[in-house]
Amino acid sequence: TIVLGIETSCDETAAAVIKNGTEILSNVVASQIESHKRFGGVVPEIASRHHVEQITIVIEEALKEASVGFSDIDAIAVTEGPGLVGALLVGVNAAKALAFAHGIPLVGVHHIAGHIYANRLIADMKFPLISLVVSGGHTELVYMKEHGSFEVIGETRDDAAGEAYDKVARTLNLPYPGGPHIDRLAQEGQPTLKLPRAWLEEGSYDFSFSGLKSAVINTLHNAEQRGETIEPQDLAASFQESVIDVLVTKTLKAVEEYKVNQVLLAGGVAANKGLRSALESAFAEIKDVELIIPPLALCTDNAAMIAAAGTVLFEKGNRGNYAMNAHPGLDIESM
Ligand code: ATP
Ligand code: MG
Ligand code: FE
């Protein structure tokens, strides 16, 4: 099975070709970060315009790199949601037009299902499993008993982990997106500042990061008023330790309660060095549970992950039609 994946949910225009759900023939990503940087975040209207300019070029490049033509493609998988509506529409319409013109089946994919399925490009999935999803817009623990089945057992009640990273980075005057900069600073500093951890109610798998973000801002302001200086690398290290502590502890609890065989890390924040090594050391001690962490290029937005999830859905018989629309608030459990 050869699947063309298309992803335009946020600020990456991406297309990829995947063979048999696991083999990457091509994976092309055109990032718009430079265009959004001066605004300190993604500007939806600018994102849509860039997608319109890039989409045809990126798809052609993906086919060329994979050395395939439309006659070789068995299905076109596209991100239907969640994301920015104007951005999603560019990918959905390109996918529908190509599917119609070439008579190729269409499959709609949930963006977060894509992040989770990035793991299938490097390892076999062993069910039941839990995925820790940490991205710019989502932070959740997803239980999967089989392919294509997603149960959200916990999620953030306010900010996503990536959002918290980006907001803290902004208060430290670091460029957008701030996650990688905080990660780098954190490696150079010591977690000497006391910052809160939102455990929430006993037994809850939900998350909350807005209190931590406010605590970081308050710590900075208070120090400023007292004329004291705080080393940004120590603040970054303290913030990162607080985020990782909660993520790792809740994941370990869920693994025990749900008796899973595998843990998959997913989403842009999965690129975080501190999180990757904290999970690696925690799971090194746990026999019978395998930890999978995708390489950096498959953590942040890409279309290989959309094609990987799309292949599984296609093989299960899922089909989109020409009435497919963009769904900015699409629910993963409704897949
Ligand atoms: P979603 O997937 O929820 O729709 P998104 O697609 O915008 O949101 P991703 O592209 O998956 O998010 O991830 C981007 C986020 O990952 C940004 O918030 C960015 O700061 C964060 N990020 C990237 N690298 C790192 C890192 N090394 N450490 C921490 N955060 C990181
Ligand atoms: Mg992005
Ligand atoms: Fe994403």
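Values in this text are rule-based calculations from the coordinates and carry no lab data. All of these numbers come straight from a predicted model, not from anything done at the bench. Note that we place each Cβ from the backbone using ideal geometry, even for glycine, and neighbour counts take in every protein chain shown.
The figures follow:
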item	result
Residue of GLY148, GLY268, GLY227 that the Gaussian network model of the chain assigns the largest fluctuation, springs spanning Cα pairs under 10 Å	GLY227
Cβ charges +1 (Lys, Arg) and -1 (Asp, Glu), total dipole of region 226-293, debye	180
Residue among ALA87, LEU185, ILE293 farthest towards the positive dipole end of the chain, charges placed on Cβ	ALA87
Those GluC sites (Glu not before Pro) in region 181-228 that DSSP places in a loop and that have at most 10 other beta carbons within 10 Å	GLU201, GLU202, GLU228
Least to most buried among ARG319, ARG170 (fewest other Cβ within 10 Å first)	ARG319, ARG170
Protection-proxy order for peptides 125-136, 256-267, each taking the mean of Cβ atoms within 10 Å per residue, highest first	125-136, 256-267
Residues THR13, THR8, THR156, THR171, sorted so that the one with the fewest Cβ neighbours within 10 Å comes first	THR171, THR156, THR13, THR8
Size of charge dipole - region 72-155 - debye, nearest 20, with Cβ of Lys, Arg +1 and Asp, Glu -1, no other charges	60
Sequence ranges 79-86, 175-182, 109-116, ranked by mean other-Cβ count within 10 angstrom, highest first	109-116, 79-86, 175-182
Residue (of ALA282, HIS221, LEU235) at the positive-pole extreme of region 213-331, dipole from beta-carbon charges	ALA282
Degrees between helix 273-284 axis and first principal axis of the chain (Cα, 0 to 90, nearest 10)	90
Dipole magnitude (debye, nearest 20) for region 192-316, charges at Cβ of Lys, Arg, Asp, Glu	140
Between region 66-142 and region 154-189, the Cα center-to-center distance that results, in Å	26
Of LYS167/LYS253; LYS19/LYS250; LYS213/LYS250; LYS64/LYS316; LYS37/LYS194; LYS96/LYS167, pairs whose Cα-Cα distance is over 25 Å	LYS167/LYS253; LYS19/LYS250; LYS64/LYS316; LYS37/LYS194; LYS96/LYS167
MRE, 222 nm, helices only [DSSP H, n ≥ 4, -39500 (n - 2.57), over the chain, to nearest 500]	-14000 deg cm²/dmol
5 angstrom amide H check on HIS327, placed H, neighbours 5+ away	GLY81
Helix axis angle, 232-258 relative to the chain longest principal axis, alpha carbon, degrees	60
Estimated vicinal HN-Hα couplings, Hz - region 123-138 in sequence order (Karplus 6.51, -1.76, 1.60; Gly, Pro = x)	8, 6, 8, 10, 8, x, 9, 10, 10, 8, 9, 10, 9, x, x, 9
